[in-house]
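Comments concern the structure below.
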Amino acid sequence: MSGISRRKFLTCTLVGAGATALSLKTDAFASAKLEGYPDSMGVLVDLGRCVGCRSCEAACNREQNLPAPAQSFEDQSIFDQTFHNGQKRRTDENAYTVVNRYEPEGTENPVYRKVQCNHCNEPACLTSCFVNAYTKTSEGAVIYNPNICVGCRNCMIACPFNVPAYSYSSATNPIIKKCIFCYDTRLKNGQPPACVEICPQQVMTFGHRKELIEIAHERIKTHPDRYIDHLYGEDEVGGTSWMYLAPAPFEEIGFDTTMNNEPIISNVKDFLGTVPMVLAIWPALFTGFHLLATRKHDIEHHGDDHQKHKDEEKKS
Amino acid sequence: MRIKMIVPVIVATFVLVAGFTSLPAEAAPPAQVRIDQLSKDFEPVLFDHANHIEMVGDCGECHHHTTGTAAKDPDCMRCHNSGSSGERVACRDCHAAEPFSADHLKTTTEDRKRYHRDLLGLKAAYHRSCMGCHEAGGGPTGCLDCHLRTESGDALFRAGKHTPTPTEKAAGHH
């Protein structure tokens, strides 16, 4: 080996590996600041306006061709239902949106909260899906291809809002079911989702996400007495397409307020960023170590052979 | 505008009493407004405007500043402090029937200087204007008090003859 010493080779290798690791880390931080697609649409949900009529549930059922509910949509007794130690209703394979009633302390009227997929800017469900069934469309919707879904339920665990539901009723082909922002039938044609359109109170305002954020803060500024000074979903888990204004503290009306502002993927991105580096560099690096470690032995061995050869030549 | 024979009399009386004599004759308020935006699922509502004029008395309660009086909301008064009447009075003149259509969204997106960007659509303008008074003043507040559902509406809400039967309920997911 001429021109490059063992020490130099090792130094170069380590410096190279370090630089690769650093550059990967920088990339990971940069992508965490993504703010979704620039022209993404969204929905601003003003919970102070909701009267709990459940029209949105009915409209969703019709639009998505969901099976008949157990109770009529005008049946208000459904708000009294609780499951598993007081848990309110949640979305399932037959209902992609549900409205729940809360009675926070100090508020005169009950507060109704509509639940559906919040369509995250950086969806954890999408990240967790190993068959790539999920897509975040440029319009803002988080949709999924039921033909690709293998029913592993990773997304149900990954979702910070407990939204994806599972078709447990299907014995042969159970898959994930969730709100798709009416993407197929409406959003991609520039129309608002069915629940937004039917709402008699305009609880939901459909528009460009960026403008909705401005409108939301304007509402808080104009009527500070009506709203909690926070727009839920503006920053939570990296931002969501559906955002909420509330007349009562969010934690009292069923929202998780312990959510980080970083997208869920940031929890694992740095670690996962090192995996390709390990796969690409370690084999070469350790092969190098191995070759260097055994080189001296080879030279000695080779030297012996050479000597033997000379001896034989002399003898002859 | 549908004006019946008896209406001009009521209207004229009201106009005189309220002192709106400067209003041109064609701007007389309608006695009845037919609201049929949701006619797929609900029968049209015939809103008795004349009756509400009598009951409420002050047009500004519902029409903000467009009937000649100053706005009531201090926030609105910053601009609408004198009242302007005539051109835009009906709810639908400002509140769009389809507030989220691509065309209507364009108007707010392209006109960045527009102040009223967060304007209610027509349906919500009706409901939110009506319900506040009805709740405070003991008016009807149930959906079906004003809206009769059509066959399609019953199917939508799974009500009437479309109400799920107890056996369906038992077969439900809960």
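Nothing in this text is a laboratory measurement; each read-out follows from the coordinates by a stated rule. As the structure is a prediction and not an experimental result, all values here were calculated from the model. Here Cβ is always computed from backbone atoms with ideal geometry, including for glycine, and neighbour counts include all displayed protein chains.
Give the residue list of chymotrypsin sites (Phe, Trp or Tyr not before Pro) in the range B:85-151 that are DSSP loop and have at most 13 other beta-carbon atoms within 10 angstrom. Could you put the intermediate results ahead of the total?
Details: sites: B:100, B:115, B:126; in loops: B:100, B:115.
Those satisfying the criteria are B:115.
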(message) Could you derive backbone 3J(HN,Hα) for the range B:39-47 from the dihedral phi with the Karplus parameters 6.51, -1.76 and 1.60 (θ = phi - 60°), listing whole Hz in sequence and x where the residue is Gly or Pro?
(response) 5, 5, 9, 10, 5, x, 9, 9, 7
(message) Given bins 5 angstrom wide, list per bin the percent of all Cα-Cα distances in the range B:95-140, short to long.
(response) 5, 21, 22, 18, 12, 10, 7, 5, 1
(message) Past the 22 angstrom mark, what percentage of all C-alpha to C-alpha distances in the range A:33-132 do you count?
(response) 44
(request) Please arrange B:150, A:172, A:205, A:97 by counting, for each residue, the other beta carbons lying within 10 Å of its beta carbon, fewest first. (result) A:172, B:150, A:97, A:205
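Net charge near residue B:144, counting Lys/Arg +1 and Asp/Glu -1 over other residues with Cβ under 14 Å of its Cβ? Don't jump to the answer; show the numbers that get you there.
Values: positive: A:54, B:149; negative: A:74, A:75, B:41, B:43, B:145, B:154.
Net of charged neighbours comes to -4.
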(request) Pop out the Kirkwood hydrodynamic radius of the range A:188-238 from its pairwise C-alpha distances, inverse of mean 1/r, in Å to one decimal. (result) 12.6
(request) Just the Kirkwood number for the range A:198-297, please: inverse of mean 1/r across all distinct Cα pairs, in Å, one decimal. (result) 17.8
(message) What's the longest uninterrupted piece of chain A once you rule out the GluC sites (Glu not before Pro) that are loop residues per DSSP with at most 15 other Cβ within 10 Å?
(response) A:109-316
(request) Starting at the first residue of the range A:62-74, write each ³J(HN,Hα) from the Karplus equation 6.51 cos²θ - 1.76 cosθ + 1.60 with θ = phi - 60°, in whole Hz, x for Gly and Pro. (result) 6, 5, 9, 6, 7, x, 4, x, 6, 10, 4, 6, 8
(message) Using only the Cα atoms of the range A:112-197, what are the Rg and Dmax in Å?
(response) 12.9, 37
(message) Over the range A:35-262, how many pairs of lysines fall under 27 Å by alpha carbon, counting only those 8 or more apart in sequence or from different chains?
(response) 18
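In the range A:35-262, how does Rg compare with the Kirkwood Rh, expressed as the Rg/Rh ratio over alpha carbon atoms? Working shown, then result.
Details: Rg = 16.8 Å, Rh = 18.0 Å.
That ratio is 0.94, to two decimals.
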(request) Taking the Cβ of residue A:186 as the centre, find all other residues whose Cβ is under 11 Å away and add up their charges (Lys, Arg: +1; Asp, Glu: -1). (result) -3
(request) At 0.36 nm per residue, minus the direct Cα-Cα distance, what do residue A:82 and residue A:272 gain on full extension? Give it in nm, one decimal, please. (result) 64.4 nm
(message) P(r) for the range B:65-172, please, calculated from all Cα pair distances in 10 Å bins and given in %.
(response) 11, 26, 31, 18, 10, 4, 0
